[in-house]
Amino acid sequence: MRAETIIATHANTDFDALASMLAVRRLYPGSVVCVSGSLNRNVRELCRLYADELELVDASRLELDAVRRLIVVEAANASRLGELEPVALDPAVEKVVFDHHAGDSPEWARPDNVVVSGDGALTTTLVGILAEREIAVSPLEATVFALGIPADTGSLTYPSATQRDADALSWCLRHGTRQELLGRYLHTPLSEEERALLDALIDALEMHQLRGISALVAAISWPTYVEGVSNLAHKIVDLTDARALVLLVEMDHRVFCVVRSRTPSFDAATAAGALGGGGHEQAASAIYRGPLADAQRELLAALPAAVQEPLRARDVMSTPARAVSPSDTVAEAMAFCQRYNQSGVLVTDNGKLVGSVAREDLDRAIGHGLSHAPVKGIMSGRALEARADAPLSELQQLLAESAEGRIAIVDEEAVAGVVTRRDVLRALDEAAEPADDKGESIAAELRALPRLERPFGAIAAASEGVEGVYLVGGTVRDILLGEESFDVDIAVEGDAIALARRIARELDGRTREHEKFGTAVVLYGDGERVDVVTARTEFYDAPAALPAVERASIREDLYRRDFTVNAMAASLKGDDFGRLVDPFGGREDLAAGTVRVLHNLSFIEDPTRIFRAIRYENRYGFRMDEHTARLARSCVEMGLVGDLSSARLRDELTALLEEGEVGHSLPRLAELGAAGAIHPHLAADDEAVALFDRGRRLARELDVDVPDWRLGLAVLARRMSAAEVTDWLDRLKLRKRDADLVAAAVAIGPRIVSRLREERLLPSDIVNMAEQYAPDAALFALALEELEALRRYFEELRHVRLDVAGAELAELGLEESPRVGEILAELRRRKLDGELDGRDAELAAARELIAAD
């Protein structure tokens with residue numbers, strides 16, 4: 001058979017490979033799907049039953065010399081293509097490769113012809129392309145696609161499975177997947193021969209400890225060929241709950257190797273690669289042509305390389321270890337648990353572990369009136385403990401076998417740290433992330449900032465011996481957004497003041513220290529500065545209260561922050577320079593334009609974060625995710641925005657109004673209910689936006705010195721009564737002058753508009769009316785309505801000045817008295833109204849007025 005474009009995959013074709021080939025055929029009309037070597041049993045049965053519809057071609061029927069393009073799915077190694085390997089290595093043939101296994105790019109294909117995705121199944125990637133291009137598929141194709149996705153994602157249970165895999169499966173169901181076929185081909189019953197082989201493999205299982213990972217290995221010879229060893233591997237994993245499994249079955253003069261992994265710490269593909277096979281992190285296979293003993297020896301020798309260095313207690317523990325003493329009261333211990341949201345706490349005496357106490361026991365003791373009793377009276381004399389080098393799996397096992405919720409990490413009898421269930425779960429979640437998400441660096445972005453080269457160098461030189469030094473928070477956010485103006489804020493896992501002093505010496509600068517807060521500012525050069533703080537955590541004794549702080553790790557420091565986009569840090573230490581610490585997905589949210597809180601109590605602990613979220617939405621075009629917006633509304637409904645101190649509320653409103661454009665901010669205040677919480681008559685609507693924008697434009701156009709925030713407060717208060725405005729501004733603790741100007745704008749501005757509509761006033765009357773409350777009231781009036789008389793006031797009349805002054809009146813014989821001011825005012829009135837022109841006319845009028853006295 002002649003075909004110019006063929007689609008191929010590896011031998012032992014599984015459903016993901018078959019589905020991927022069918023999807024590629026839709027993308028390359030006229031191409032031929034060919035199979036080489038054996039098919040998995042359930043794949044073969046489906047292909048035989050639906051042979052007419054699937055139109056697969058055996059590779060042996062092809063005229064290989066006629067092939068001009070080879071499209072390969074799920075095989076980066078040409079040797080896995082069987083008899084099609086010569087075609088893959090032929091330089092005259094164009095090669096296109098689709099894969100989802102990260103690794104070296106195949107040398108036999110041009111790099112720009114290789115597509116590698118991060119999806120759990122390659123079918124997912126290709127279904128995504130079909131969906132994007134709106135390419136129609138048949139119900140049978142949709143069914144095969146739906147078989148391929150579970151096959152390579154463990155029915156969405158593998159750590160490599162993604163949301164896209166679930167979405168692709170949903171797409172298949174919408175496009176005609178026959179669900180009865182899914183049950184039939186995903187769960188194939190075992191034959192009698194397979195059951196016998198399964199029993200033999202289970203009997204042969206041996207445990208191998210590999211850097212904290214328990215791997216089950218079975219190696220047997222079998223007299224007859226039995227296909228479906230991979231299916232048996234799935235059964236054994238289900239029966240034994242194995243985290244890592246290796247099966248070696250010698251039959252038909254070959255050794256069939258199947259590797260399965262249910263932990264990110266063990267790479268199945270690396271293990272199978274020792275025998276010339278391949279696959280991905282969770283599932284891989286190989287066919288070894290040699291004796292079983294040789295295969296077993298080579299594979300066992302390669303297993304350590306397949307195991308990543310496991311996380312150990314020192315990597316996941318929280319430090320310092322928070323604990324109470326035996327003499328602390330039950331009430332103090334309970335307050336401690338409430339403050340840190342812990343289910344219990346360790347008890348130490350002079351740094352030595354003496355026990356632990358559960359929150360439940362503390363609660364019972366308080367119920368019995370024992371709040372004053374010492375903790376030692378109810379504590380457990382035993383506590384879980386482990387070494388600092390204990391692997392994560394050991395910690396997980398300890399917590400699983402005990403009701404205790406924490407493990408003391410003991411180093412030479414002293415408690416060095418504590419590992420909680422939360423620490424272990426967090427570590428497991430992080431370990432489940434794709435490998436290419438780990439160790440991300442923004443060193444290039446940091447080095448692209450010439451202005452910071454000197455302080456970064458000084459920080460690196462001064463931080464030797466310090467556990468961790470990080471650029472933190474909004475500074476990292478701004479760098480990733482490409483913002484040119486930002487501060488240098490660093491957090492230290494250690495003594496911030498001591499580090500600041502060393503940095504100051506490196507920069508020939510000086511420090512301004514705050515011992516009470518563990519912070520310092522390094523001042524150097526021409527007004528440059530570096531802010532240095534000790535990494536700390538915060539707790540709130542009451543909603544909307546200011547937080548109390550204490551020393552913590554960088555992760556805890558980031559966790560206290562407001563949003564994920566501000567909860568990132570970049571290491572500034574030596575070889576670690578640029579490593580991004582992003583435990584909460586801030587960079588991903590930054591790319592998606594999402595404002596997301598770190599935990600559900602974020603707004604309750606600090607309601608001012610609602611205003612900050614709105615500012616970020618307005619400034620960057622971001623949007624709170626649905627959950628965050630719902631939490632903001634709930635916080636408002638609880639009345640916590642109204643509980644904010646007046647000064648904090650004033651500062652947040654001022655910052656919001658100083659953002660400039662408020663087209664999003666003001667309506668968002670109303671949408672979240674915050675406007676009504678600030679004041680029932682606060683007018684934050686589209687009309688307010690238009691009025692504020694007009695006022696800002698006029699202030700700049702006419703050179704009027706009214707700050708945006710003052711104009712904005714007047715706009716927001718425009719529907720309040722005079723008494724309400726005065727009371728509200730007083731509660732905001734504005735300076736009296738600012739409060740008077742805002743109140744006048746609200747009360748007098750509309751009156752100015754009304755009077756100018758109804759009366760034809762002389763220029764002097766306009767000036768007299770406007771200058772009593774200048775400049776805010778007149779500007780607000782002009783923003784309310786474009787009035788020619790008011791515009792003339794700003795452009796001309798307010799600049800009119802007399803050519804004579806009090807000294808000239810004294811020379812004319814007028815003694816110093818209130819009469820001097822009265823005559824000057826009358827002279828200016830006449831000049832405004834066009835009755836005087838020049839110095840001589842002003843002096844003549846002055847003589848006349850003095851003589852009349």
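A few points about this structure:
- Probe 1.4 Å, all protein chains present, accessible-area order of GLU404, GLU413, largest first: GLU413, GLU404
- For peptides 604-617, 817-830, sequence by mean Cβ density within 10 Å, most packed first: 604-617, 817-830
- Distance histogram in 10 Å bins (all Cα pairs of segment 563-718, percent per bin): 11, 36, 30, 16, 6, 1
- Extension gain, ASP238 back to THR224 (0.36 nm per residue minus Cα-Cα distance, nm): 2.5 nm
- Between the C-alpha center of segment 690-725 and that of segment 9-40 there is a gap of 68 Å.
- Span from the segment 153-228 Cα centroid across to the segment 765-812 one, whole angstrom: 86 Å
- For ASP478, the solvent-accessible surface computed with a 1.4 Å probe is close to 20 Å², ligands and nucleic acids excluded.
- q = 0.13, 0.20, 0.23 Å⁻¹, segment 774-853: log10 I(q)/I(0) [Debye, one scatterer per Cα]: -0.50, -0.85, -0.99
- Its Cα centre serving as origin, segment 63-203 has a Cβ charge dipole (Lys and Arg +1, Asp and Glu -1) of approximately 540 debye.
- Electrostatic dipole magnitude of segment 22-99 [Cβ: Lys, Arg +1; Asp, Glu -1; Cα centre; debye, to 20]: 180 debye
- Highest-first arrangement of 151-163, 128-140, where packing means the average Cβ count within 10 Å: 151-163, 128-140
- Cα lying deepest toward the dipole's positive end in the chain, options ALA408, LEU39, PRO818, charges on Cβ: ALA408
- Highest to lowest packing among 113-123, 181-191, 572-582, 694-704, scored as the average C-beta count within 10 Å: 113-123, 572-582, 694-704, 181-191
- Segment 22-170 - percent relative contact order, Cα under 8 Å, separation 6 or more: 19 percent
- Inter-centroid distance (Cα atoms) of segment 306-342 relative to segment 627-679, Å: 36 Å
- Convex hull per residue volume in Å³, alpha carbons only, for segment 676-720: 59 Å³
- Hull volume per residue, based on the alpha-carbon atoms of segment 205-319 and their convex hull, is 94 Å³.
- Label selected from [x] 98, 81, 58; [y] 135, 78, 55; [z] 84, 72, 63, the criterion being Cα extents along the principal axes in Å as computed here: [y]
- Unit charges at the beta carbon, dipole of segment 193-352: most positive-side option, GLN209, ILE287, LEU247: GLN209
- Positive end of the dipole of the chain (Cβ unit charges, origin at the Cα centre): among SER571, LEU631, TYR28, the Cα lying farthest that way belongs to LEU631.
- Of MET1, MET317, MET638, the residue with the largest accessible area leads and the full order is MET638, MET1, MET317 (1.4 Å probe).
- Computed over the chain: relative contact order in percent, which uses C-alpha pairs under 8 Å that are six or more apart: 5 percent
- Here the chain is treated with +1 on each Lys and Arg Cβ and -1 on each Asp and Glu Cβ, and its dipole about the Cα centre works out to around 920 debye.
The values are calculated or read from the model by the stated rules, or taken from the named source; none is laboratory data. Computed from a predicted model, the values in this text were never measured in an experiment. Using ideal geometry, Cβ is built from the backbone for each residue, glycine included, and neighbour counts are taken over all protein chains shown. We work out accessible area using only protein heavy atoms, side chains counted, and drop any ligands, DNA or RNA first. Shrake-Rupley method; radii C 1.70, N 1.55, O 1.52, S 1.80 Å.
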